[in-house]
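Engineer: Just passing along the structure, written as structure tokens.
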Amino acid sequence: MPKPHSHPGGNYAIARIDLPGAGTHGWQVRLQRRGIKYGKFFADRSHGHPDRALHAAVRWRNKLLEKITDRARICELSLRNSSGVVGVSKITVVSSNGNSYHFWQATWSPTPGQRRCVKFSIKRYGDTEAFQRAVEARINGIGP
């Protein structure tokens, strides 16, 4: 389980903006949580150097994440899905011969634009163990 105040590494949610025609150079922080958008621009000029502007953007992003990130949602009850665990769902796959196979599936996004999932057979593990394995896979998949 992630630490309550851990932060993503690198430039998560931070993009470089260079618009020479407009004289705009700096770093843009943009995040969205639960439908609310957050953003702030850190100009190279006002911070004296691109590296200092980036450092200020990272600090602002980290403080914002501490304020808006609800870590309890990672593997706590959620009213938005039937399993009660965010990123874990019960699925049924119907093969071409008509047989149905039931799984607990864990889904997560290790990096922006990338999606991973793993399925655990209810027939092989039983409902409870397959569910527990999916929850564990979800926790391990999203990492610290």
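Engineer: Taking every pair of distinct Cα atoms and averaging 1/r, then inverting, what Kirkwood hydrodynamic radius in Å comes out for segment 73-142? Numbers along the way, then the final one.
Structural biologist: Working: mean 1/r = 0.0800 Å⁻¹.
About 12.5 Å for segment 73-142.
Engineer: I need the Kirkwood Rh of segment 14-69: take the reciprocal of the average 1/r across all distinct C-alpha pairs and report it in angstrom. Before the final figure, lay out the partial values.
Structural biologist: Working: mean 1/r = 0.0856 Å⁻¹.
Computed over segment 14-69, the radius equals 11.7 Å.
Engineer: Treating the beta-carbon of each Lys and Arg as +1 and of each Asp and Glu as -1, no other charges, what is the dipole magnitude of segment 73-142 about its Cα centre, to the nearest 20 debye?
Structural biologist: 180
Engineer: Can you list residues whose amide H is under 5 Å from residue 17's amide H, if they're 5+ apart or on another chain and H is modeled 1.01 Å from N?
Structural biologist: 26, 27, 28
Engineer: Using a cut-off of 13 Å between beta-carbons, work out the net charge of the residues near residue 53 (Lys and Arg +1, Asp and Glu -1, residue 53 not included). Working shown, then result.
Structural biologist: Details: positive: 16, 40, 45, 52, 59, 61; negative: 18, 44, 51.
Here the count lands on +3.
Engineer: Amide H to amide H, which residues 5 or more places from residue 12 or on other chains are under 5 Å from it, using H placed in the peptide plane?
Structural biologist: none
The numbers here are math on the coordinates, done by the rules we state, and not lab data. These numbers were taken from a predicted model, which means no experiment stands behind them. FYI the Cβ positions are ideal-geometry reconstructions off the backbone, even for glycines, and counts take in every protein chain you see.
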